[in-house]
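Read the structure below first, then the notes.
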Ligand code: FES
């Protein structure tokens, strides 16, 4: 990369970061330290909007900069209509020994560059895309962070970010993200992020640029066990 291009990139990110911090700081000042100004309904609303826009902007900037470094995809929904039907999943790929997968807790593996979530239950296993259809965040959580994979419950995989639940074998949604039970049990990833997602999804921007409040049916993959080893059927190259 040329030095001029690198300088331009750093300048843009620096300005973006400073603008986000200014919005967050402005929102906090309007809400909590209004000085001599009278705190009326307009000030409170203005403060909340500035704070949410600032947090959204900061989150987007971190996503753009840190996402690729952490191997994360843009936090945009995946449409069920893009799922490949089982009849076209014909390329069997070895995923590892059954005994190396924890019983009842999903684990992510990379198969031919695809991120696949394997969930073993005893001598059986299921496989689905490792990225949640709500915002393409990893269903197995982030390694080394407090966001860990959640044990299978009633045959369903739970997304550790916003709580969407999917049937492990069919990929069908059984609970949408930001369910009230999830939000009250997870103030940071549920209670605080729900209004932020709602605000960003209501912004006047093209649909493909906006986060969604809903999850769709996940891509699942056929699985077979051969000599104690899990094999997953992927789409042909
Ligand atoms: S990314 Fe999974 S519920 Fe939001």
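The values are calculated or read from the model by the stated rules, or taken from the named source; none is laboratory data. Note that this is a predicted model, so its numbers are computed, not measured. Positions of Cβ are backbone-derived with ideal geometry, glycine not excepted, and every protein chain shown enters the neighbour counts.
Some notes on this structure:
- Test: residue in region 217-226 that is in the same structural domain as residue 110 (by TED's automatic domain parsing) and without any contact (Cβ under 8 Å) to a residue 40 or more places away in the chain: yes
- The residues of region 188-235 that are out of contact with any helix residue (DSSP H, G or I) (no Cβ under 7 Å at 6 or more places or on another chain) and assigned to a loop (DSSP other than H, G, I, E, B), listed by number, are 203, 204, 205, 206, 214, 215, 218, 219, 227.
- Number of the condition not met by residue 160 [criteria: (1) modelled with pLDDT of 95 or more; (2) out of contact with any helix residue (DSSP H, G or I) (no Cβ under 9 Å at 6 or more places or on another chain); (3) within 15 Å of the ligand (Cβ to nearest atom)]: (2)
- For the residues 109, 173, the requirement of being buried (at least 17 other Cβ atoms within 10 Å of the Cβ), away from the ligand (no atom under 16 Å from the Cβ) and free of Cβ contacts under 8 Å to residues at least 60 places away in the same chain singles out 109.
- Annotation note: of 50, 61, the sole residue that is in a helix (DSSP H, G or I), closer than 27 Å to residue 208 by Cα and at pLDDT below 80 is 61.
- Positions within region 134-150 being in contact with a strand residue (DSSP E or B) (Cβ under 8 Å, 6 or more places away or on another chain) and near the ligand (Cβ under 10 Å from one of its atoms), in sequence order: 137, 138, 139
- Considering the conditions (1) free of Cβ contacts under 8 Å to residues at least 24 places away in the same chain; (2) away from the ligand (no atom under 16 Å from the Cβ); (3) within 18 Å of the chain's Cα centre (by Cα), residue 191 is excluded by exactly one of them, (2).
- Residue under evaluation residue 118, criteria (1) surrounded by 24 or more Cβ atoms within 10 Å (Cβ to Cβ); (2) within 12 Å of the ligand (Cβ to nearest atom), criterion not met: (2)
- Selection of region 100-110 for residues being assigned to a strand (DSSP E or B) and within 17 Å of residue 142 (Cα to Cα) yields 107, 108, 109, 110.
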